[in-house]
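The values are calculated or read from the model by the stated rules, or taken from the named source; none is laboratory data. Everything numeric here is computed off the predicted structure, so don't read it as measured data. No Cβ is skipped: glycine too gets one built from the backbone with ideal geometry, and neighbour counts run over all protein chains shown.
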Amino acid sequence: MGVIGRIFGLMFGGERNVVRETVEVFRENAEAGAVRAAAAQGQAMSQYGAEFAVARQGGFDRFMDGLNRLPRPALALGTMGLFVSAMVDPLWFSERMQGIALVPEPLWWLLGVIVSFYFGARHQVKAQQFQREIAGTVTRLPQVLENISAIKALRSDSPRAAETGNDAGLSLAVITPDSNPALEAWKRAA
């Protein structure tokens with residue numbers, strides 16, 4: 001047992017663990033990693049806390065703080081408002097979306113860049129794609145105008161909305177009375 005004792009003494013003696021030290025070369029010690037992560041998070045939180053430790057003095061500072069908090073809720077509430085308007089008045093919503101279809105792609109990119117920079121991201125655009133998308137948007141203009149006209153014709157308050165046109169079957173169906181069992185029973189009872 002003397003040789004084995006010496007080997008274990010060499011590996012684990014003197015407050016050392018050669019196996020653990022060797023494994024930690026290839027894999028992080030989870031406990032030490034958690035301690036470092038907690039320390040880094042604590043430092044970040046104290047840095048953020050120091051930023052707000054100074055009380056805002058004037059009305060302008062309070063106004064700007066409030067203004068900086070508006071875009072995220074405005075985007076979220078505006079998006080939900082679009083969904084509600086699509087359910088409440090689909091024709092009104094469709095007309096507006098046809099107008100949005102005319103917005104050139106580069107303008108969408110610009111909006112994306114502004115929103116991306118506001119939320120901390122970066123966005124790049126290429127000049128050749130920019131020109132190609134402008135041309136594509138211009139070619140969609142006649143179709144969009146035709147779609148808007150078709151949507152306006154669907155409104156119930158538009159003139160001749162219920163006109164049957166040249167469809168003889170539809171005209172006949174409109175003037176042929178339907179059977180109404182409840183009405184016939186009421187007529188017999190009277």
### Message
Pull out all pairs, ordered by first then second residue, where Cβ-Cβ is under 7 Å, the residues are six or more apart or on different chains, the first lies in the range 72-100 and is farther than 17 Å from SER149 by Cα, and the second is of a type outside the set (Asp, Glu).
### Response
SER85/TRP92; SER85/PHE93; ALA86/PHE93
### Query
Of all the residues that make up the range 21-35, how many are surrounded by 12 or more Cβ atoms within 10 Å (Cβ to Cβ) and among the small types (Gly, Ala, Ser)?
0
### Message
Condition (residue is under 27 Å from ALA101 (Cβ atoms), modelled with pLDDT under 75, of a type in the set (D, E, K, R) and within 27 Å of the chain's Cα centre (by Cα)) applied to the range 155-170: is it met by at least one residue?
### Response
no
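Hey, does the range 9-18 have a residue that's free of Cβ contacts under 8 Å to residues at least 60 places away in the same chain and loosely packed, with under 10 Cβ neighbours inside 10 Å? Can you show your working first?
So in the range 9-18, the residues free of Cβ contacts under 8 Å to residues at least 60 places away in the same chain come out as 9-18.
Now restrict to residues that are loosely packed, with under 10 Cβ neighbours inside 10 Å: 14-15.
Taking every residue of the range 9-18 in turn, at least one turns out to be free of Cβ contacts under 8 Å to residues at least 60 places away in the same chain and loosely packed, with under 10 Cβ neighbours inside 10 Å.
Can you tell me which residues in the range 34-75 are assigned to a loop (DSSP other than H, G, I, E, B) and among the small types (Gly, Ala, Ser)? Walk me through how you get there before you give the answer.
So the first thing to find is which residues in the range 34-75 are assigned to a loop (DSSP other than H, G, I, E, B), and the list is 52-58, 69-70.
Selection gives ALA53, ALA55, GLY58.
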### Task
Give the residues of the range 8-33 that are modelled with pLDDT under 70 and assigned to a helix (DSSP H, G or I), sorted by residue number.
PHE8, GLY9, LEU10, MET11, PHE12
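For the range 84-134, which positions are polar (S, T, N, Q) and modelled with pLDDT of 85 or more? Quick ask: steps written out before the conclusion?
If we filter the range 84-134 for residues that are polar (S, T, N, Q), which is where we start, we get 85, 94, 98, 116, 124, 128-129, 131.
Scanning the range 84-134 gives SER85, SER94, GLN98.
Take GLY81 and decide whether it is among the small types (Gly, Ala, Ser), within 30 Å of ASN68 (Cβ to Cβ) and either at pLDDT 75 or above or in contact with a Pro (Cβ under 7 Å, 6 or more places away or on another chain) (or both). Lay out the reasoning, then the answer.
Details: among the small types (Gly, Ala, Ser): yes; within 30 Å of ASN68 (Cβ to Cβ): yes; either at pLDDT 75 or above or in contact with a Pro (Cβ under 7 Å, 6 or more places away or on another chain) (or both): yes.
Here the answer is yes, as GLY81 does meet what is asked.
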